[in-house]
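A.B. asks: Mind looking over this structure? Questions follow.
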Amino acid sequence: MTGGRVVRQVALAQASLGFTVNSLGACLALLAADLGRPAGELAWLSSSFGAGLLVAGAVGRRLLRMGTQPVLLGSALLAAAGTVLLGTGRGAGAAAVGALLLGLGAAGFVLVTPALLSGPDAAAALARANATASACALLGPPAIGVLAIAGISGRLALLLAVPPLLVLAFDARPRGGAAPAAPADPRPPDGEVARGTAASRRRIAAAWVAIVLAVSIEFCFTIWSTARLQAAGLSVGAAAAAATVFLVGMAVGRAAAARPAARNVPVVRLGCGLAVAGTLGVVLGTHPVPVIAGLALAGLGVAALYPVTLARLVRTPGLLPERSAAYGALASGTAVLGAPAALAAIDTALGLRPAFLLAVLPLAAVLALSTPRPAREAIR
């Protein structure tokens, strides 16, 4: 599916996904202040999205066999309900339920997007979709920070995502007449990969691990940038606003990765190098300015890692869109659950600065080493 309706739906889904999920780091800091608890104790806020992704990965094939529109409808309604609860809930219980519903809805968007955009230009299409998410992600933390600085609950800014979610739900509602037939897929039946050669299974496993590594790096920064800037001396509102520089880097990097000129660029190795350099700035900086510069550089480097690694999985010969989408959601869920929680554990034991060093650098090194031939890294 590549028509105008799909473009509109992917744009709405990715815009809402980017705005809400990339606001979780700022929400974590605000909730910690509201509840009088250390930020490390609230790692479940990001874990809710990861749990939703694991559910999507487990049941995604069955869901997608029902059609992409029902998945979009249910995901939009879940995300809207979760956003309202997370933005307005007064206690930890309401926030937890809201985070869980938002996580399930956002996971549905992650699941359905590659199924809608599968094809020979999947990498570029996914890069454009993720660029939309990154651009809208720029609005969340500043809006939260402005409200917090004004003495208003910054979490109320999340409610800005509710109208587009409701528009998406309306657009994906059941319509009269027969559903359009799904486009024919030129690849062999899905079972041929499941029962195929060891080389096919190794290719799928390698692509899956690459997604885990890419998303792990991204979410370490997404969830913990605000807390790192607080530790560097900024107030919670100023830190939430300043953390946007990571998202700016992501938006710029993904927009560049979607251009034809990026087709022959070894983006994985280049991105990992920039991510490592940015991480060193975040770790070694003792004042907000070098930390902010490090976050911007890391965002630029991390930007294309997820769409490129996901596109590799989607392009696997013989792997149908619903299975590759489920595998991708499962990989993302593994990363979102594991990496920020590991960083939080290191933070509790050693502090946030060494946590970034110990969590991000090994992941970037392994991801870079997993792509020995630069030609395989390019966006096609």
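The values are calculated or read from the model by the stated rules, or taken from the named source; none is laboratory data. Fair warning: this is a prediction, and the values are worked out from it, not measured in the lab. Heavy atoms of the whole protein, side chains included, go into the accessibility calculation; ligands, DNA and RNA do not. Shrake-Rupley method; radii C 1.70, N 1.55, O 1.52, S 1.80 Å.
A.B. asks: Sorted by accessible area (1.4 Å probe), largest first, how do D347, D171, D34 line up? Working shown, then result.
C.D. replies: Numbers: D347 40, D171 15, D34 100 Å².
Most to least solvent-accessible, the answer reads D34, D347, D171.
A.B. asks: On to the next question. Can you work out the Karplus-derived ³J(HN,Hα) for every residue in the range 212-226? Use 6.51 cos²θ - 1.76 cosθ + 1.60 with θ = phi - 60°, whole Hz, and x for glycine or proline.
C.D. replies: Ordered by residue, 3J(HN,Hα) equals 4, 5, 4, 5, 4, 4, 4, 7, 4, 6, 4, 7, 10, 5, 4 Hz.
A.B. asks: Throw me the Rg/Rh for the range 10-70, computed over C-alpha atoms with Kirkwood Rh, two decimals.
C.D. replies: Rg/Rh: 1.11.
A.B. asks: Moving on to the next point. Dividing the alpha-carbon radius of gyration of the range 301-375 by 2.2 N^0.38 Å (N being the number of residues), what value is obtained?
C.D. replies: Working: Rg = 15.0 Å, N = 75, 2.2 N^0.38 = 11.3 Å.
So the range 301-375 has a normalised radius of gyration of 1.32.
A.B. asks: Taking N as the number of residues in the range 48-153, what is its alpha-carbon radius of gyration divided by 2.2 N^0.38 Å?
C.D. replies: This ratio for the range 48-153 stands at 1.21.
A.B. asks: Please provide three numbers in whole Å: the alpha-carbon extents of the range 1-107 along the principal axes, with the largest listed first.
C.D. replies: Principal extents (largest minus smallest coordinate, Cα): 48, 26, 18 Å.
A.B. asks: Another question, then. Counting only residues 5 or more places away or on other chains, whose amide H sits under 5 Å from the amide H of V265 once H atoms are built in the peptide plane?
C.D. replies: Here I379 satisfy the definition.
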